[in-house]
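Trainee: One structure follows; several queries about it will come next.
The values are calculated or read from the model by the stated rules, or taken from the named source; none is laboratory data. None of the values given here were measured: they were computed from a predicted structure. Backbone-built Cβ (ideal geometry, glycine too); neighbour counts: all protein chains shown.
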Amino acid sequence: MNFKRFVRLLFLCAFLLTFVSLASAQIKLEVKEHVLANGMKILMIPKPGVPRVVCHIYYKVGSINERPGITGIAHVHEHMMFKGTKMMGVTDYEADDALNRQIDELMDKIYREKYWKKDGDQQKIAEWQKQVDELIKAEKKYIIKDHLWETYMKNGGTGLNASTSDEVTGYYVTLPSNKVELQMLLEADRMMNAYFREFYSEKDVVMEERRLSENSPGFYFNEQVRASFYAASPYHWQVIGWMDDLKKMTKKDLIEFHNKYYVPNNAVAVYVGDFKPEEIIRLAEKYFGQIPRGDDIEPIRTGEPPQYSHKRMYGEGPGMPNLQMWFHIPPEGHPDIPALSILASILSGETGRLTKTLVQQKDVAIRAMAMARPQWYVGAFTFNVIPKMQKGVKPEDLEKDVWEEIEKIKKDGVTPEELQKAKNKTEASFVRSLESPMFLAMRVGRAELNRGWRSLLTDLEDMKKVTSDDIKKVAAKYFVKDNCLVAIYSRGQGR
């Protein structure tokens, strides 16, 4: 048998086996739940075997919970949660606290002189800053650097990390099964007793993160594209925040943010691994159960109004020229989302429609993709195409080609083969994500904070029901010029 034909046959058999197993298997999630009296949820997914437990805690807070003046604070706060508490990160809390109070008083004077006045007294600022520097130097002898990480490592911990997104902030560690109590002790302590020492230097670290991003070609343009697309909702700014807000953010802002959002009734803890649920519940009651319930958190108020008019943006810079087309779509849980997600899968990938047409057949692009991004309060469907510059193709030349593909879908829908392939691909990706304890914890925890973890399964079932007519309807409904922002980025002298 011809070798290439043999390889193709093997691939086909593997694909069919995957399809049959997915079609015949009923996907289940065995999640055990417990809710503490203070409103905190504990989700447990026992997986006997390797004596380790993935321990995640998620807070229902991200950049959308910020406001102009404190953008970026959710991310800054994530950094600060590693700076210790009254018992962690310090050798002498009382001495350290006395120094911090002096630092805060001086920094308040500097902020008012620097940012509240048009022409602040630079000499006063310099004098106060010198005093601050001396106090910070004196404080260093009381600080235990990386105390949290070292404590976890000494107890077999791995993967200590955290992340901030538009809607969620998460903290992660994996521990031996007999050390889960340590995670609860330390996380309950961070929730209740976070102490934001080294705030000003850590804020400088975050600002440096933003500067590094600013040096990436196209950063400013992409930031402006997002800000223009989301005109009213707090998705308007990126997680990193605006530089002006990072500069002027105060420790008082941070403490208020923490006290409002880092409360048990705004959190979910997820445990995946080898443990007994009754023991997890006992420990959760002991450590998290003692934390007072906070005020209920109001959902964000400002949604995204209809666009009503076609938007266009042009930019130049040293980055890769590209065409972006953004369309407003509904948030997670809307009945149209499954069809839009399947359509994005059909359009994208090495064998997707956009690659076949624009890259292989017309030879006008080197990459073409689409993505559906339904978020908690708003959504976006984006096309991104990079022109084939060696043929003299410009980003603006590709817009007509993308609209042609959109019109074909509006008219003819998609083929049964495309539809089934996209469904198989989506389901296979979902199943694979469940195999990793870390990604399983991540998906379950984040889903729980929005529509509940069971939405993972109902979304999958809704996706399986999508038809070609459903795709035609959503394409006609959302892919219209008055709902579109076209962003064209060309090679030039800009940023």
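Trainee: Suppose we keep only residues that are among the polar types (S, T, N, Q) and modelled with pLDDT of 95 or more within the stretch 346-367. Which one would you say is farthest from the chain's Cα centre (by Cα)? Please lay out each step first, then the result.
Mentor: To start, the set of residues in the stretch 346-367 that are among the polar types (S, T, N, Q) comprises 348, 351, 355, 357, 360-361.
Going one step further and asking which of them are modelled with pLDDT of 95 or more, we end up with 348, 355, 357, 360-361.
On the way: SER348: 21, THR355: 27, THR357: 32, GLN360: 33, GLN361: 35 Å.
Ranking the qualifying residues of the stretch 346-367, first place goes to GLN361.
Trainee: Now for a different question. So which residues in the stretch 153-170 are among the β-branched types (Val, Ile, Thr) and either modelled with pLDDT under 95 or on the phi > 0 side of the Ramachandran plot (or both), if there are any at all?
Mentor: First pass over the stretch 153-170, keeping only residues among the β-branched types (Val, Ile, Thr): 158, 164, 168-169.
Listed by number, the list is empty, since nothing qualifies.
Trainee: Same structure again: Only one of (1) outside the structural domain of MET184 (by TED's automatic domain parsing); (2) under 27 Å from the mean Cα position of the chain (by Cα) fails for TYR58. Which number is that?
Mentor: Against the list (1) outside the structural domain of MET184 (by TED's automatic domain parsing); (2) under 27 Å from the mean Cα position of the chain (by Cα), TYR58 comes up short only on (1).
Trainee: Cβ contacts < 7 Å: first residue free of Cβ contacts under 8 Å to residues at least 40 places away in the same chain and not assigned by TED's automatic domain parsing to the domain that holds TYR200, restricted to the stretch 116-135; second residue surrounded by 13 or more Cβ atoms within 10 Å (Cβ to Cβ) and among the hydrophobic types (A, V, I, L, M, F, W, C), any location; separation 6+ or different chain. Result?
Mentor: ILE125/ILE110; TRP128/LEU106; TRP128/ILE110; GLN129/ILE110; GLN131/LEU106; LEU135/LEU99; LEU135/ILE103
Trainee: Hey, can you tell me all the residues within the stretch 353-374 that are within 22 Å of PRO416 (Cβ to Cβ) and in contact with a strand residue (DSSP E or B) (Cβ under 7 Å, 6 or more places away or on another chain)?
Mentor: LEU354, THR355, ALA370, ALA372
Trainee: Of everything in the stretch 45-63, what is among the hydrophobic types (A, V, I, L, M, F, W, C) and not in a loop (DSSP other than H, G, I, E, B)? Give them in sequence order.
Mentor: Just the residues of the stretch 45-63 that are among the hydrophobic types (A, V, I, L, M, F, W, C), to begin with: 45, 50, 53-55, 57, 61.
Result: ILE45, VAL53, VAL54, CYS55, ILE57.
Trainee: Sticking with this structure for a sec: Among all residue pairs at least 6 apart or on different chains, which show Cβ distances below 9 Å where the first residue, located in the stretch 469-494, is surrounded by fewer than 19 Cβ atoms within 10 Å (Cβ to Cβ) and the second is among the polar types (S, T, N, Q) and assigned to a helix (DSSP H, G or I)?
Mentor: Note: pairs meeting the criteria are LYS477/ASN483.
Trainee: Which residue, of ALA344, ALA441, is in contact with a His (Cβ under 9 Å, 6 or more places away or on another chain) and among the small types (Gly, Ala, Ser)? Walk me through it before giving the result.
Mentor: Numbers: ALA344 fails: in contact with a His (Cβ under 9 Å, 6 or more places away or on another chain).
It is ALA441.
Trainee: Here's another thing I want to ask about it. Do you know which residues across the stretch 230-266 are crowded, with 17+ Cβ neighbours inside 10 Å and either of a type in the set (Phe, Trp, Tyr) or free of Cβ contacts under 8 Å to residues at least 24 places away in the same chain (or both)?
Mentor: If the condition is that a residue be crowded, with 17+ Cβ neighbours inside 10 Å and either of a type in the set (Phe, Trp, Tyr) or free of Cβ contacts under 8 Å to residues at least 24 places away in the same chain (or both), then TYR230, TYR235, HIS236, TRP237, TRP242, PHE257, TYR261, TYR262 are the ones that fit.
Trainee: When LEU398 is evaluated against the numbered criteria (1) more than 29 Å from the chain's Cα centre (by Cα); (2) part of a loop (DSSP other than H, G, I, E, B), which criterion, by number, is the only one it fails?
Mentor: Here LEU398 meets the rest and fails (2).
Trainee: Here is a follow-up. Does the stretch 216-229 contain at least one residue that is among the aromatic types (Phe, Trp, Tyr), part of a strand (DSSP E or B), under 21 Å from the mean Cα position of the chain (by Cα) and surrounded by 14 or more Cβ atoms within 10 Å (Cβ to Cβ)?
Mentor: Filtering the stretch 216-229 down to residues among the aromatic types (Phe, Trp, Tyr) leaves 219-221, 229.
Among the residues that remain, those that are also part of a strand (DSSP E or B) are: none.
The answer is no, given that none of the residues of the stretch 216-229 is among the aromatic types (Phe, Trp, Tyr), part of a strand (DSSP E or B), under 21 Å from the mean Cα position of the chain (by Cα) and surrounded by 14 or more Cβ atoms within 10 Å (Cβ to Cβ).
Trainee: State the number of residues belonging to the stretch 311-329 that are in a loop (DSSP other than H, G, I, E, B) and either outside the structural domain of ALA476 (by TED's automatic domain parsing) or surrounded by 14 or more Cβ atoms within 10 Å (Cβ to Cβ) (or both). Give the derivation first.
Mentor: Just the residues of the stretch 311-329 that are in a loop (DSSP other than H, G, I, E, B), to begin with: 318-321.
Going one step further and asking which of them are either outside the structural domain of ALA476 (by TED's automatic domain parsing) or surrounded by 14 or more Cβ atoms within 10 Å (Cβ to Cβ) (or both), we end up with 319-321.
Number of matching residues: 3.
Trainee: Considering the stretch 76-124 alone, what residues qualify as being polar (S, T, N, Q) and under 27 Å from LEU160 (Cβ atoms)?
Mentor: Across the stretch 76-124, the qualifying residues are THR85, THR91, ASN100.
Trainee: Before we move on, is MET44 in the same structural domain as ALA267 (by TED's automatic domain parsing), among the aliphatic types (A, V, I, L, M) and in contact with a strand residue (DSSP E or B) (Cβ under 9 Å, 6 or more places away or on another chain)?
Mentor: Numbers: in the same structural domain as ALA267 (by TED's automatic domain parsing): yes; among the aliphatic types (A, V, I, L, M): yes; in contact with a strand residue (DSSP E or B) (Cβ under 9 Å, 6 or more places away or on another chain): yes.
Taking the combined requirement at face value, the residue satisfies it.
Trainee: Then there's this: What pairs come up if the first residue lies in the stretch 153-166 and is part of a strand (DSSP E or B), the second is among the charged types (D, E, K, R), and their beta carbons are under 8 Å apart, counting only those six or more places apart or on different chains?
Mentor: Close Cβ pairs (under 8 Å, with a partner that is among the charged types (D, E, K, R)) amount to ALA162/GLU78; SER163/GLU78; THR164/GLU78.
Table: residues versus (1) surrounded by 16 or more Cβ atoms within 10 Å (Cβ to Cβ); (2) at pLDDT below 95; (3) within 28 Å of SER177 (Cβ to Cβ).
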{"position": "MET1", "(1), (2), (3)": "no, yes, no"}
{"position": "LEU17", "(1), (2), (3)": "no, yes, no"}
{"position": "ILE27", "(1), (2), (3)": "no, yes, yes"}
{"position": "LYS32", "(1), (2), (3)": "no, no, yes"}
{"position": "VAL61", "(1), (2), (3)": "yes, no, no"}
{"position": "ASN65", "(1), (2), (3)": "yes, no, no"}
{"position": "PRO68", "(1), (2), (3)": "no, no, no"}
{"position": "ILE103", "(1), (2), (3)": "yes, no, no"}
{"position": "TYR111", "(1), (2), (3)": "yes, no, no"}
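Trainee: Could you please tell me which pairs satisfy a Cβ distance under 9 Å, a separation of 6+ or placement on different chains, a first residue in the stretch 174-201 that is in the same structural domain as MET80 (by TED's automatic domain parsing) and in a loop (DSSP other than H, G, I, E, B), and a second residue that is basic (Lys, Arg) and surrounded by fewer than 21 Cβ atoms within 10 Å (Cβ to Cβ)?
Mentor: Close Cβ pairs (under 9 Å, with a partner that is basic (Lys, Arg) and surrounded by fewer than 21 Cβ atoms within 10 Å (Cβ to Cβ)) amount to TYR195/LYS86; PHE196/LYS251.
Trainee: Scan the stretch 230-244 residue by residue and report those that are of a type in the set (A, V, I, L, M) and assigned to a helix (DSSP H, G or I).
Mentor: MET243, the sole residue that qualifies.
Trainee: Yes or no: the stretch 286-305 includes at least one residue that is under 30 Å from MET192 (Cα atoms), outside any loop (DSSP other than H, G, I, E, B) and modelled with pLDDT of 95 or more.
Mentor: Yes, because at least one residue in the stretch 286-305 is under 30 Å from MET192 (Cα atoms), outside any loop (DSSP other than H, G, I, E, B) and modelled with pLDDT of 95 or more.
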